[in-house]
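The values are calculated or read from the model by the stated rules, or taken from the named source; none is laboratory data. Remember, predicted model here, so these are calculated numbers, not experimental data. As a convention, Cβ positions derive from the backbone with ideal geometry for all residues, glycine included, and neighbour counts pool all protein chains shown.
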Amino acid sequence: MDFQKKIMITGGAGFIGSHLVRLLVNRYPSYAIINVDCLTYAGNLENLKDIESKENYFFEKKSICDYNEMEALFEKYQINSVIHLAAESHVDRSIHDPLAFIQTNVLGTTNLLLIAKKYWENSIHENRFYHISTDEVFGSLNETGYFTETTPYSPRSPYSASKASSDHLVNAFYHTYQLPTVISNCSNNYGPNQFPEKLIPLAIHNILHQKPLPVYGSGENVRDWLLVTEHVEAIDTIFHKGKIGETYNIGGNNEWKNIDLIKLICDLMDEKLGNKKGTSTQYITFVKDRSGHDLRYAIDCSKIKNELDWEPKIQFREGLSLTIDWYLNNPTWLKNVTSGEYLQYYQKQYAQ
Ligand code: NAD
Ligand code: DAU
């Protein structure tokens, strides 16, 4: 194929992956973007309708857990870079079924590392294995302090433990085999196309359907929120300018207690739906806390700002407002993903 780069994006039909695929396909017509996704409940090709007929876009419905299939794809497309997002990504599901997380996040990642090592060993091309990870690997903060790139790992859920394992393996392949790797650890993303098992789209969906808004514990837990389109800009920056063997933290400088965030969503929804202020807050329901619930995540992203000149720019209220508008304008997308498997998951998670 006559493309300048042949980039395998794993998990490209998911939330963050689909925004990344769109950005790269549109911005770099000289790159072949090969989206490899086995379409679990979280993968949705509807997310990519607008770019699916572009000449530099390719889709392969395959699992990263299948070594032979992955190797065949490296061969077929002459892959020279990987941006690896495919994962089981929801903490609550990891509490119900840890093994699925080990299989995809640890063993699937190891497959890709082994194949990249084998395939690029005598490569004359510039290669890069970019692993997308999470701030959850650092554990839980109290009221003060921030995660930096040197904060010791202390994962506390099966999800974060599986992501921490995959980060360690990526680093091991860099040190042991000189595989050209880079890692970024990002805080909580929000935005269009996020599956409504995660807090923000779940709240929007439930307000629309006049259902309870489940707040775990007392709602005092803090997360640092970043708009997904800003995260994928950071990924583009790190992919092109990040140093091999390095890790970069990405965050929104935007900490919110869950209960305050839910109230803000209620206010914005009331405004947009033409409801009297206070209408939606009646649905707030405090429920049993998440087991092992991390109190606070907060990212120090000065390294990426100082070294690569990336920082978040969009104000949270603006990002949240455009996110809500997207869900209000895409009722069919929301309806399609909240039938079938979602209903069973929802029942299991919230009917406790
Ligand atoms: P997501 O759950 O929306 O999407 C995951 C995608 O991976 C889906 O399309 C799914 O079909 C695919 N997938 C799962 N198992 C696969 C397999 N075996 N083979 C091929 N594809 C498979 O996840 P997301 O929120 O977009 O997160 C993407 C990545 O970013 C994950 O690695 C996650 O750990 C990381 N991350 C997420 C956030 C966040 O807030 N969502 C923050 C930091 C890092
Ligand atoms: O920090 C990055 C991580 O952010 C990513 O690595 C994960 O893939 C992503 O899912 C997200 O993890 P969280 O567990 O922080 O996200 P979630 O949306 O599930 O929950 C956000 C907060 O809201 C958390 O403190 C738990 C709480 N919560 C969540 C749900 C779904 C509730 O109070 N009620 C809920 O119903």
All but one of (1) without any contact (Cβ under 8 Å) to a residue 60 or more places away in the chain; (2) hydroxyl-bearing (Ser, Thr, Tyr); (3) surrounded by 21 or more Cβ atoms within 10 Å (Cβ to Cβ) hold for residue 190, so report the exception by its number. (1)
Filter the range 107-142 down to the residues that are within 15 Å of ligand 2 (Cβ to nearest atom) and not polar (S, T, N, Q), then identify the one that is farthest from the chain's Cα centre (by Cα). 141
Which of the residues that make up the range 122-168 are closer than 21 Å to residue 236 by Cα and modelled with pLDDT under 95? 125, 126
Tally of residues being within 14 Å of residue 206 (Cβ to Cβ) and among the aromatic types (Phe, Trp, Tyr) across the range 323-344: 2
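So is residue 79 modelled with pLDDT under 95, among the aliphatic types (A, V, I, L, M), over 21 Å from residue 224 (Cα atoms) and not in a helix (DSSP H, G or I) or not? Quick ask: steps written out before the conclusion?
Working: modelled with pLDDT under 95: no; among the aliphatic types (A, V, I, L, M): yes; over 21 Å from residue 224 (Cα atoms): yes; not in a helix (DSSP H, G or I): yes.
Spelling it out, it is not the case that residue 79 is modelled with pLDDT under 95, among the aliphatic types (A, V, I, L, M), over 21 Å from residue 224 (Cα atoms) and not in a helix (DSSP H, G or I).
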Condition check for residue 228: surrounded by 23 or more Cβ atoms within 10 Å (Cβ to Cβ), within 16 Å of the chain's Cα centre (by Cα), of a type in the set (A, V, I, L, M, F, W, C) and within 14 Å of ligand 2 (Cβ to nearest atom): no
Considering every residue within the range 261-284, establish whether at least one is of a type in the set (Val, Ile, Thr), in a helix (DSSP H, G or I), within 11 Å of ligand 2 (Cβ to nearest atom) and surrounded by 14 or more Cβ atoms within 10 Å (Cβ to Cβ). yes
Kindly list, by first and then second residue, each pair from a residue in the range 197-226 that is in a helix (DSSP H, G or I) to a residue that is aromatic (Phe, Trp, Tyr), limited to pairs with Cβ atoms under 6 Å and residues at least 6 apart or on different chains. 200/190; 204/327
Among the numbered criteria (1) more than 30 Å from residue 207 (Cα to Cα); (2) in contact with a Lys or Arg (Cβ under 8 Å, 6 or more places away or on another chain); (3) in a loop (DSSP other than H, G, I, E, B), which single criterion is violated by residue 294? (1)
Close pairs (6 angstrom Cβ cut-off, 6 or more residues apart or separate chains): on the phi > 0 side of the Ramachandran plot in the range 1-23, assigned to a helix (DSSP H, G or I) and modelled with pLDDT of 95 or more anywhere: 11/17
From 100, 86, grab the single residue that is touching an Asp or Glu at 6+ places or on another chain (Cβ under 7 Å), part of a loop (DSSP other than H, G, I, E, B) and within 11 Å of ligand 1 (Cβ to nearest atom). 86
Test residue 22 against the stated conditions and say whether it is under 22 Å from the mean Cα position of the chain (by Cα), basic (Lys, Arg), surrounded by 16 or more Cβ atoms within 10 Å (Cβ to Cβ) and at pLDDT 95 or above. yes
Looking at the range 301-329, which of its residues are more than 30 Å from residue 151 (Cβ to Cβ) and either within 16 Å of ligand 1 (Cβ to nearest atom) or in contact with a Gly (Cβ under 7 Å, 6 or more places away or on another chain) (or both)? 326, 327
Taking the condition within 16 Å of ligand 2 (Cβ to nearest atom) and surrounded by fewer than 16 Cβ atoms within 10 Å (Cβ to Cβ), does residue 97 pass? yes
